[in-house]
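Before any comments, here is the structure.
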Amino acid sequence: MEATANSSAVFFDNETEQYTGYFNESIVNKFIKEGVLELVNYNGAETCLIMNNRDDFLSGFASGVNEARLGRDMHYADYNANPFAFTIGYEHFLHMNKKPRQLVGYVCHGFIDDNTGDIHHQ
């Protein structure tokens with residue numbers, strides 16, 4: 001889930017677990033239909049969302065990232081508690097590594113720390 005290309009950062013509130021920012025509307029709508037997200041507030045531009053079962057989703061996402069990083073195929077999604085999140089993490093890793101880019105300041109929930117190899121959840 002990324003902010004739109006021409007907008008500011010997405011903010012996460014640790015207390016309410018709400019994401020606030022300017023999102024790609026078609027992706028948000030798809031995730032709402034899948035039951036991953038709930039719309040908290042929309043004021044015509046800025047959107048506030050909450051992720052259902054956030055810890056489970058991030059765990060599945062991180063597993064997908066890890067399997068892609070290890071060069072394994074996506075069939076491990078069938079064995080994950082959250083195949084949807086696993087697949088998103090797997091595809092996200094492949095997309096982010098297609099074209100190496102400077103990711104200074106880029107926050108990615110569930111991504112791997114290059115220094116330690118640990119998977120981090122924010």
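The values are calculated or read from the model by the stated rules, or taken from the named source; none is laboratory data. Everything numeric here is computed off the predicted structure, so don't read it as measured data. Cβ sites come from the backbone with ideal geometry, for glycine too, and all protein chains shown count toward neighbours. Remember, those area values only see protein heavy atoms, side chains included, never the ligands or the DNA or RNA. Shrake-Rupley method; radii C 1.70, N 1.55, O 1.52, S 1.80 Å.
Within segment 54-69, restricting attention to residues that are touching a helix residue (DSSP H, G or I) at 6+ places or on another chain (Cβ under 9 Å) and under 18 Å from residue 19 (Cβ atoms), which residue is most open to solvent (accessible area, probe 1.4 Å)?
Once the filter is applied, the top-ranked residue is 56.
Does residue 55 qualify as being over 11 Å from the mean Cα position of the chain (by Cα), charged (D, E, K, R) and modelled with pLDDT of 80 or more?
Yes: the conditions hold for residue 55.
Suppose we filter segment 27-44 for residues that are more than 14 Å from the chain's Cα centre (by Cα) and basic (Lys, Arg); how many remain?
Of the residues in that region, 1 qualify.
Take the residues in segment 24-64 that are of a type in the set (A, V, I, L, M, F, W, C) and part of a loop (DSSP other than H, G, I, E, B); name whichever of them is nearest to residue 84 (Cα to Cα).
Here the answer is 36.
For segment 65-94, enumerate the residues that are among the polar types (S, T, N, Q) and not in a helix (DSSP H, G or I).
Correct list: 80, 82.
For a quick check of your reading of the model, give me the residue pairs whose first member lies in segment 41-53 and is within 10 Å of residue 23 (Cβ to Cβ), whose second is assigned to a strand (DSSP E or B) and among the small types (Gly, Ala, Ser), with beta-carbon atoms closer than 8 Å and at least 6 apart or on different chains.
46/21; 47/21
Looking at 15, 46, 38 in this structure, which one is modelled with pLDDT under 90 and open to solvent by 40 Å² or more (accessible area, probe 1.4 Å)?
Criteria check complete, one pass: 46.
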